[in-house]
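The values are calculated or read from the model by the stated rules, or taken from the named source; none is laboratory data. Fair warning: this is a prediction, and the values are worked out from it, not measured in the lab. Positions of Cβ are generated from backbone atoms using ideal geometry, with glycine treated the same way; all protein chains shown enter the neighbour counts. The protein model used for the area step is the full one, side chains on, heavy atoms only, and it has no ligands, DNA or RNA in it. Shrake-Rupley method; radii C 1.70, N 1.55, O 1.52, S 1.80 Å.
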Amino acid sequence: VVNRDKIPADRAFIIAGNHSSLIDFPMIFAALPGRITRNTAAPAAKDFFFENRLSAFLLQAAYRAFPLARFGNFMEGLKVCARIITMGKSVILFPEGGRSPDGELMNFKPGIAMLSFELNVQILPVYITGASEVLPRGAYFPRPRKVTVTFGDPVNPKDYAEFKGKKSNYDIYQ
């Protein structure tokens, strides 16, 4: 774990990590201090993780995961995340919108920035290396490899407030 000291301590925030493996969320969760994980939740793909009652139960019990539809009305999912954040809890999200097929960073979707800007919460960037070697797409069992979770400087939505009224909200989120 690198730069754990960059994790905000005093209020809810959005944890935004790259996504290349099914173990990304557990790696981020394990890298966070206990005082943060107690107040952190994460959406998980409803069609992938919540079709099986056992996996749904385990995800909810271990990580406070909640189902999120990946297809269709993404605004409904963002509204659920917004409610959680306004309750003072942090949320782990993946701005790429899905797992990278080759481990390379994909373009970001604007939803996380929209939540940050509209709710005035910081985004804590997280970059994970090695997870796609531990559990690549299509693999069923993890392989022992080194994983590094690096926290970046929090992004404060106030730094972008000057653009309100000068640019479209979509452009600000991008």
Query raised in the report: Quick one: Cα centre-to-centre distance for the range 121-137 and the range 13-40, in angstrom?
Result: 9
Report summary line: Using the Cα gyration tensor of the range 59-106, the equivalent ellipsoid's semi-axes, largest first and to the nearest Å, work out to 21, 14, 11
Query raised in the report: Using Cα pairs under 8 angstrom and six or more residues apart, how large is the relative contact order of the range 49-170, in percent?
Result: 17
Report task. With a cut-off of at most 11 other beta carbons within 10 Å, and DSSP calling the residue loop, which GluC sites (Glu not before Pro) in the range 21-127 qualify? Please list them. Result -> E51, E104
Requested in this report: State log₁₀ I(q)/I(0) for the range 26-104 at q = 0.25 Å⁻¹ as given by the Debye formula over alpha-carbon point scatterers of equal weight, solvent excluded.
Outcome: -1.36
**Report entry** Convex hull volume per residue in cubic angstrom - Cα atoms of the chain
**Finding:** 120
Query raised in the report: Efficiency by 1/(1 + (r/R0)^6): what FRET value for Q60 and R145, r their Cβ-Cβ distance, R0 = 25 Å, to the nearest 0.05?
Result: 0.35
Report summary line: Whole-Hz Karplus couplings 3J(HN,Hα) for the range 154-170, θ = phi - 60° and coefficients 6.51, -1.76, 1.60, Gly and Pro as x, run x, 9, 9, x, 5, 5, 10, 4, 4, 7, 4, x, 9, 10, 5, 4, 4
Query raised in the report: Rounded to the nearest whole Å², what accessible area per residue is found for the chain with the 1.4 Å probe?
Result: 58
Requested in this report: Count the net charge of all other residues whose Cβ sits under 10 Å from the Cβ of S21, scoring Lys and Arg as +1 and Asp and Glu as -1.
Outcome: 0
Requested in this report: For the chain, give the percent of accessible area contributed by carbon and sulfur heavy atoms, probe 1.4 Å, rounded to a whole number.
Outcome: 55
Requested in this report: Go through 61-68, 133-140, 17-24 and give me the packing order, highest mean Cβ count within 10 Å leading.
Outcome: 17-24, 61-68, 133-140
Query raised in the report: If packing is taken as the mean number of other Cβ atoms within 10 Å per residue, what is the order of 79-86, 124-131, 141-148, highest first?
Result: 124-131, 79-86, 141-148
Query raised in the report: Per residue of the chain, what 222 nm ellipticity follows from adding -39500 (n - 2.57) for every DSSP H run with n ≥ 4, rounded to the nearest 500?
Result: -8500 deg cm²/dmol
Query raised in the report: Taking 0.36 nm per residue of separation and subtracting the Cα-Cα distance, what length does fully extending Y160 through N3 add?
Result: 54.1 nm
Requested in this report: Show which aspartates and glutamates lie in cross-link reach of K164 when reach means a straight Cα distance below 20 angstrom and same-chain residues fewer than eight apart are skipped.
Outcome: E118
